[in-house]
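Nothing in this text is a laboratory measurement; each read-out follows from the coordinates by a stated rule. Keep in mind that what you see is a predicted model, and the values were worked out from it rather than measured. Glycine also receives a Cβ, built like all others from the backbone with ideal geometry; neighbour counts cover every protein chain displayed.
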Amino acid sequence: MSNLQRALSTVDSFLQSTAENFGDQRRSFSLLELIREVVGSLAPTLEVHQVRCELDVGDDMHLLSFRGALAKVLSTLVQNAVKHAYREAGGEVHIRVRPLGTDQLIITVQDHGAGMPPGVLGRVFDPFFSTRFGGGR
């Protein structure tokens, strides 16, 4: 894919997700397509940090859900893994999807990075809590 095509694809994805984040409504969409779009939009960040994103989605599923919200959650989880899991360049992020019965699914975003010390785990959902206050990668 040429740089121009990548740029057009990135802008297209950005415009689509921006439109969806304002007034997101339930609608039918391909989960595999959504995941590929999210990972594609993060390709420059993944390349700079030398992080590979592996997909294990199985058969494509069509969901009736909030596409923009799901895209935002997936994007944030992958970005957090890239930023916080690996102290140095390199690593992997795995996105796995498994059905749970007939009308639910489990989406797992996993990295094999540094992890969190036990003392931090209890505070992970505290608002504004960070182990890297004022820092970052």
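Think of each Lys and Arg Cβ as +1 and each Asp and Glu Cβ as -1; about the Cα centre, that makes the dipole of region 24-122 roughly 280 debye.
Residues with beta-carbon under 10 Å from that of H94, excluding H94: net charge, scoring Lys, Arg +1 and Asp, Glu -1? Local net charge: -2.
In the neighborhood of L64, defined by Cβ-to-Cβ distances under 9 Å, what is the net charge if each Lys or Arg adds +1 and each Asp or Glu adds -1? Kindly include the intermediate steps, with their values, before the conclusion.
On the way: positive: R26, R27; negative: none.
The answer is +2.
Sum up the charges of everything whose Cβ sits under 13 Å from the Cβ of C53, counting Lys and Arg as +1 and Asp and Glu as -1, but leave C53 out. Surrounding charge for C53 is -3. Per-residue Karplus couplings for region 108-119, computed as 6.51 cos²θ - 1.76 cosθ + 1.60 with θ equal to phi - 60°, are listed in order as 10, 10, 10, 10, 10, x, 5, x, 10, x, x, x Hz, Gly and Pro entered as x. Sequence-ordered 3J(HN,Hα) estimates for region 99-107 from the Karplus curve with 6.51, -1.76 and 1.60 and θ = phi - 60° stand at x, 10, x, 9, 9, 9, 8, 10, 10 Hz, glycine and proline given as x.
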